[in-house]
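Q: Following this message is one structure expressed as structure tokens.
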Amino acid sequence: MTVTRGFHGRRRDSDARLPPGQHLTPDFPVLSAGPTPLVPRDDWELIVATEDGTRHGWTWAELMALPSEDVTVDIHCVTSWSKLDTDWRGVSLDTVLADVDTAADFAMVHSHGGYTTNLPLEDLLDGRAWIAYEYDGDELAPEHGGPARLLVPHLYLWKSAKWVREIELMLDDAPGFWEQLGYHDYGDPWREQRYQGD
Amino acid sequence: MNNESAADAAFDGNVMAGPLSEVFAVDITTAQGRCRGCGTTSVIATLRVYGPDPGLVGRCPGCDDVLVRIVRTPDAVWLDLAGLTSLRVAVPAGVAGVPASSGGDA
């Protein structure tokens, strides 16, 4: 009997954390738009390019020297699966962008392999986005975006670009890889912004 | 610096036949497309296709550049062919764009 009560209790909690149209999965599905890039950490670099052409760069060692955070977040894929309480370690974008002087309102995130996605810059700030390099206590696997990926869990997961290599800061918005082809520019799962016009 | 893994695409170009049939009157999977990046000409059915979600991405067998992207939303098909310089679609011989009787001199 206690099992039944416990089950219902967890279920209510899970339902409250599920955005509309989503279902829970215990797995971590891999969706790819191309071959998985294998980027050696010795060659890895993160670039932040501002609207005036200034480029700030961090090597892997320099990223590791920045203060890291352990975060536990729910993630929501536009293909309708959600996964609760995922554990990540990474560097907050607040830390990465702390000394970057910009008037930009938008960002285009570029990945190895050519993928891009666009976000408002404010969605990368205030403790809501990370450069993540560990998942569930292990190095982030290449199929999940390793060595490092963007993690922006309050938006659909296509915004959390795998294999991140550059954040281009822009005065004006522009559509990324999926946003050019019918997907929503912002992608808020709680407003079910899957496609343009949602 | 940016090595690709040995993992291959999940599908070939035949997986695009369904959504493409909603747009074109002929079977585009048998058409030949020329890659804007490397110039390789490929039958669409032989592309390396990733997906199907969030969309189908058909890549050049020669250079892996994106040739075709297809997204099926609830009420539309979104199609990107910008990676192709041309698409050759075979049609039955003898069917011309201008009828012979018009002479083409009007």
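Q: Restricting attention to the range A:47-91, which residues are at positive phi and either without any contact (Cβ under 8 Å) to a residue 12 or more places away in the chain or hydrophobic (A, V, I, L, M, F, W, C) (or both)?
A: Of everything in the range A:47-91, just one residue is at positive phi and either without any contact (Cβ under 8 Å) to a residue 12 or more places away in the chain or hydrophobic (A, V, I, L, M, F, W, C) (or both), namely A:Gly53.
Q: Taking the range A:24-72, which residues are within 14 Å of chain B (Cβ to nearest Cβ) and basic (Lys, Arg)?
A: A:Arg41
Q: Might you let me know whether the range B:74-81 holds any residue that is part of a loop (DSSP other than H, G, I, E, B) and either closer than 17 Å to B:Leu20 by Cβ or more than 8 Å from chain A (Cβ to nearest Cβ) (or both)? I'd like the intermediate steps shown before the answer.
A: Residues of the range B:74-81 part of a loop (DSSP other than H, G, I, E, B): B:74-75, B:81.
After this cut, where a residue has to be either closer than 17 Å to B:Leu20 by Cβ or more than 8 Å from chain A (Cβ to nearest Cβ) (or both) as well, the list is B:75, B:81.
Within the range B:74-81, one or more residues are part of a loop (DSSP other than H, G, I, E, B) and either closer than 17 Å to B:Leu20 by Cβ or more than 8 Å from chain A (Cβ to nearest Cβ) (or both).
Q: Sticking with this structure for a sec: Which of the residues belonging to the range A:85-104 are touching a helix residue (DSSP H, G or I) at 6+ places or on another chain (Cβ under 6 Å) and assigned to a loop (DSSP other than H, G, I, E, B)?
A: A:Ala104
Q: Yes or no: A:Gly182 buried (at least 20 other Cβ atoms within 10 Å of the Cβ) and at positive phi? Break it down into steps so the answer makes sense when it comes.
A: Details: buried (at least 20 other Cβ atoms within 10 Å of the Cβ): yes; at positive phi: yes.
Yes.
Q: Can you find, within the range A:130-167, the residue that is farthest from the other protein chains (Cβ to nearest Cβ) among those that are more than 16 Å from A:Asp188 (Cα to Cα) and of a type in the set (Gly, Ala, Ser)?
A: A:Gly137
Q: I'd like to check which strands (runs of 3 or more DSSP E) are fully inside the range B:19-70 and have at least 2 residues that are of a type in the set (S, T, N, Q) and away from chain A (no Cβ under 14 Å). Write out each step before concluding.
A: Values: elements: B:32-35, B:41-43, B:48-50, B:56-59.
In the range B:19-70, B:41-43 are the strands (runs of 3 or more DSSP E) which contain 2 or more residues that are of a type in the set (S, T, N, Q) and away from chain A (no Cβ under 14 Å).
Q: Take A:Gly127 and decide whether it is more than 14 Å from chain B (Cβ to nearest Cβ), without any contact (Cβ under 8 Å) to a residue 40 or more places away in the chain and either part of a loop (DSSP other than H, G, I, E, B) or within 21 Å of B:Arg69 (Cβ to Cβ) (or both).
A: In short, yes.
Every number here is computed from the coordinates shown, using simple stated rules; none is lab data. Note that the structure is predicted; figures quoted are calculated from it, not measured. Methodologically, a virtual Cβ is constructed for each residue, glycine included, from the backbone with ideal geometry; neighbour enumeration extends over all protein chains shown.
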